[in-house]
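Have a look at the structure below, then the notes.
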Amino acid sequence: MRMTRRLSLPAFLIAFFVCLVGTAPAALAIDIKRVVSPGGIEAWLVQDTKVPLLSIKFVFKGGVETDPAGKEGQANLTSTLLDEGAGPYDSQEFQRRLADNSISVSFTATMDGFYGGLHTLVETQDEAFDLARLALTKPRFDEEAVERMRRGVLTEIRRDQGDPDFLARRALYETAFPDHPYGRRARGSVESVGSITRDDLNGFVRQRFAKDNLMVAVTGDIAPEQLEPVLDRIFGGLPDKAAVQPPADTVPKGAGETVLVRRPQAQTVVLMSQPGIKRDDPDWFAAYIMNYVLGAGTFSSRLMDEIREKRGLTYGVYSYLVPFQHTALIMASGSTANANAGKMVELMKAEWQRMRDHGVTQEELDNAKTYLTGSFPLQFTSGNAIADVLLSVQRDNLGIDYLDRRSGLINAVTLEDVQRIAKRLLDPAALLTVIVGQPEGIEPTRTKDDVPS
């Protein structure tokens, strides 16, 4: 079963290529084919026969937020071990087969998903398919490999304790989500990672990797009819249904609080948040444009202009939308000298208020639209990058025609749309503010002097 969408890149990029080579190559159009295997596994495919390479990206819904209480870090530890021996191959032999055949197999656990990737030459694809299948269905979790990777994770956890940016994120999420898995640590703690057993790891694989929570994106030199049996070959041995329930949706807490984490350092790190907007909200692109003008547009943003360019208080200050599966945040961050911390927080909140009160200008709106539509095709720099985009579109349930519609959705946003979403989302009095360092000019509502592991 196949369905095809043809996606044309914006005219500006076509014009750019015309300037370079004198023509607008037809290859700039991207065809997405929906492929369904005999076993019912679906993938989105962008076929490219110019280079004999193949990239397969996939995600299982449910990431570190589904780790059991007391076993925080289980998803992350599992992600480090799936290519450390599987089926008949111990860690050394599995890694040798990857290296000898120029195959890359990788796994990453994020807040809402467990991601995997396979990158291979066409001539070694059969070996790659088998290694990926074994990693997903028959990981060994040998004692030597488990303890070696556990030591590596524990080293990272201890290293995090010296990173003020990590401490700020940890304090913010623990405050915003005190009774929800989003408030837990993705890597876990020394205690929780130390308690994870081989049975826990095997249970993770059995419960989380299943066909009903799987999404797949493929790019490269493979035809739809060739991909169909490959999908069953790699993923066909997975159970039909995952055995873990996702957590409930949640609303961030901590509105109006200022949490200070004392650290002996010359710079103060500032991290702010309040409830944001989820990816499937009809006002997403109005918020996207608003955030670009506020703090995502690098040196063209209001936060950078007011705080760095005009006053020289920071090297960088940014805002960003964080749409999780079960909640959403809008955040801002930056750092400054301890003596300037109070002033920087004051200016960040003032820009929050200015955007809420007045929205954006017509010039800011037009510039944001030009950038956000024009820069998007530059993400399509490789097969891996295209597969990543396809997977994110699937994950967010945006539809196979989303890339065709994206520019139109952005260009349809009006000044009134931005004004409306700014009033809905932005309230400086409701910001949760986390400060790490020895700041001057700030009165915290709560102080965290201890930094436990």
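Take Leu415 and tell me if it is of a type outside the set (S, T, N, Q), touching a residue at least 24 places away in the same chain (Cβ under 8 Å) and open to solvent by 40 Å² or more (accessible area, probe 1.4 Å). The answer is yes for Leu415. Here region 293-326 is the region considered, the condition is being among the β-branched types (Val, Ile, Thr) and either in contact with a strand residue (DSSP E or B) (Cβ under 7 Å, 6 or more places away or on another chain) or open to solvent by less than 30 Å² (accessible area, probe 1.4 Å) (or both), and the residue that is nearest to Ile277 (Cα to Cα) is Val322. Of the residues making up region 250-291, those that are polar (S, T, N, Q) and surrounded by fewer than 16 Cβ atoms within 10 Å (Cβ to Cβ) number 1. Can you name the strands (runs of 3 or more DSSP E) wholly within region 1-90 that have at least 1 residues being out of contact with any Phe, Trp or Tyr (no Cβ under 7 Å at 6 or more places or on another chain) and modelled with pLDDT of 95 or more? Output list reads 30-36, 42-47, 53-61.
Among the residues of region 335-345, those identified as open to solvent by 10 Å² or more (accessible area, probe 1.4 Å) and either within 19 Å of Ala296 (Cβ to Cβ) or not β-branched (Val, Ile, Thr) (or both) are Ser335, Ala337, Asn338, Ala339, Asn340, Gly342, Lys343.
For region 226-242, the count of residues that are assigned to a loop (DSSP other than H, G, I, E, B) and of a type in the set (S, T, N, Q) is zero. Among the numbered conditions (1) within 19 Å of the chain's Cα centre (by Cα); (2) open to solvent by 50 Å² or more (accessible area, probe 1.4 Å), the only one that Thr155 does not meet is (1). For Leu365, the criteria (1) modelled with pLDDT of 95 or more; (2) within 23 Å of Phe177 (Cβ to Cβ); (3) touching a helix residue (DSSP H, G or I) at 6+ places or on another chain (Cβ under 9 Å) hold in every case but one, which is (2). Residues in region 348-376 that are open to solvent by less than 20 Å² (accessible area, probe 1.4 Å), hydrophobic (A, V, I, L, M, F, W, C) and under 21 Å from Lys423 (Cβ atoms): Met348, Trp352, Met355, Val360, Leu365, Ala368.
Can you find, within region 429-450, the residue that is modelled with the lowest pLDDT among those that are closer than 17 Å to Asp160 by Cα and open to solvent by 40 Å² or more (accessible area, probe 1.4 Å)? The selected residue is Asp450.
Just one of the listed residues (Phe141, Phe129, Phe177) is at pLDDT 95 or above and farther than 30 Å from Phe94 by Cβ, namely Phe177. Filtering region 91-110 down to residues that are part of a loop (DSSP other than H, G, I, E, B) and either under 14 Å from Ala132 (Cα atoms) or touching a helix residue (DSSP H, G or I) at 6+ places or on another chain (Cβ under 6 Å) (or both), which residue is most open to solvent (accessible area, probe 1.4 Å)? Filtering region 91-110 for residues that are part of a loop (DSSP other than H, G, I, E, B) and either under 14 Å from Ala132 (Cα atoms) or touching a helix residue (DSSP H, G or I) at 6+ places or on another chain (Cβ under 6 Å) (or both), the one most open to solvent (accessible area, probe 1.4 Å) comes out as Ser102.
The values are calculated or read from the model by the stated rules, or taken from the named source; none is laboratory data. If you're wondering where the values come from, they're calculated on a predicted model, not measured in any experiment. Glycine gets a Cβ as well: all are built from the backbone with ideal geometry, and neighbour counts include every protein chain shown. Just the protein is used for accessible areas: all its heavy atoms, side chains included, with ligands, DNA and RNA removed. Shrake-Rupley method; radii C 1.70, N 1.55, O 1.52, S 1.80 Å.
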